[in-house]
Amino acid sequence: MKVKERIQKHLWYYISFVVIQILGFFWVMLSGAQTQAQTIALFATTGLYIVWSLTHQYIHHHLSPKIVVEYILIGSLGLTFSLLLFNI
């Protein structure tokens, strides 16, 4: 399958993923100096990323324990980086 065909097939997934990340970013930014609200926003965005990714994997591909662990680790890495970046 060509790259263009793969993108078109999964376009809804990619758009949704970008929207989730942008909304999470704005949620953190709009929280201002409220570190508790920022932390909740980061955990919620990470959780939504993991759930959305696993759902996509289950529907369109093969969901295995290895894939689950990979998405959880990537989400955790992003969360850790974000917590450090925002000094939370």
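The values are calculated or read from the model by the stated rules, or taken from the named source; none is laboratory data. It should be emphasised that the depicted structure is a prediction, and the values quoted were computed from it without experimental measurement. We place every Cβ from the backbone using ideal geometry, glycine too, and count neighbours over all the protein chains shown.
Of all the listed residues (ILE59, ILE88), the sole one being assigned to a helix (DSSP H, G or I), modelled with pLDDT under 90 and more than 15 Å from the chain's Cα centre (by Cα) is ILE59. Residues in region 54-82 that are in contact with a helix residue (DSSP H, G or I) (Cβ under 7 Å, 6 or more places away or on another chain) and in contact (Cβ under 8 Å) with a residue 24 or more places away in the chain: HIS56, GLY75, GLY78, LEU79, SER82. When SER64, SER16 are checked against the criterion of being surrounded by 11 or more Cβ atoms within 10 Å (Cβ to Cβ) and either out of contact with any Ser or Thr (no Cβ under 6 Å at 6 or more places or on another chain) or over 30 Å from VAL3 (Cβ atoms) (or both), a single residue qualifies: SER16.
Scanning region 31-56 for residues that are among the β-branched types (Val, Ile, Thr), loosely packed, with under 15 Cβ neighbours inside 10 Å and either closer than 15 Å to GLY78 by Cα or modelled with pLDDT of 95 or more (or both) returns ILE40, VAL51. Hey, among the residues in region 10-31 that are assigned to a helix (DSSP H, G or I) and in contact (Cβ under 8 Å) with a residue 40 or more places away in the chain, which one's farthest from GLN57 (Cα to Cα)? Among those residues, the one meeting the criterion is VAL28.
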